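Here is the structure we will look at.
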């Protein structure tokens, strides 16, 4: 990311990135399909951190409170998050960003579902399992909808992302009204 910020994505080669990381080009390509995939590395790292933070929350806490706390407890660097988001928007095709976000959203929903299911998940195909799955996917959709609004907005600060996530999850908590 430092090299991308210093000289731009297009002027940075995969060879330079591999050398900066102290690995061979072959090793770099074993982990990333292209240098552009590095622009999503923060999502992947954040998801691992989110899973750990969510697992540390009390099972007695509401799932929405747990998710909100786990999201914002991550050790984000405000400057880096906003720069990387801007770089993604400038350098990548919007379709590619959306496809990657959908995958991360699915992984996020899976993490929420695992947290909700706990150590003794409901049987596949049961109504209880459906409740857990639908709840997890709705929470993920709310959070990632808030992220999309944040990425397209003027204020890309973390407090604004926190506000949007809280608002989106509050909509779930109170019930979504017909927007028309």
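The values are calculated or read from the model by the stated rules, or taken from the named source; none is laboratory data. Here the structure is a predicted model, which is why all the values come from computation and not from measurement. Positions of Cβ are generated from backbone atoms using ideal geometry, with glycine treated the same way; all protein chains shown enter the neighbour counts.
With respect to residue 45, is the statement that it is within 30 Å of residue 135 (Cα to Cα) and either touching a residue at least 60 places away in the same chain (Cβ under 8 Å) or touching a helix residue (DSSP H, G or I) at 6+ places or on another chain (Cβ under 8 Å) (or both) true?
It is false that residue 45 is within 30 Å of residue 135 (Cα to Cα) and either touching a residue at least 60 places away in the same chain (Cβ under 8 Å) or touching a helix residue (DSSP H, G or I) at 6+ places or on another chain (Cβ under 8 Å) (or both).
Any residue at all in the stretch 111-123 that is under 21 Å from residue 36 (Cα atoms), modelled with pLDDT of 90 or more and crowded, with 18+ Cβ neighbours inside 10 Å?
So far as the stretch 111-123 goes, no, none of its residues is under 21 Å from residue 36 (Cα atoms), modelled with pLDDT of 90 or more and crowded, with 18+ Cβ neighbours inside 10 Å.
Looking at (1) assigned to a helix (DSSP H, G or I); (2) modelled with pLDDT of 90 or more, which is the one condition that is false for residue 99?
Failing condition for residue 99: (2).
Filter the stretch 124-142 for residues that are in contact (Cβ under 8 Å) with a residue 60 or more places away in the chain and either surrounded by 19 or more Cβ atoms within 10 Å (Cβ to Cβ) or outside any helix (DSSP H, G or I) (or both) and give the result.
Across the stretch 124-142, the qualifying residue is only 139.
Quick one: is residue 162 under 23 Å from residue 61 (Cβ atoms), assigned by TED's automatic domain parsing to the domain that holds residue 57 and not in a helix (DSSP H, G or I)?
Here the answer is no, as residue 162 does not meet what is asked.
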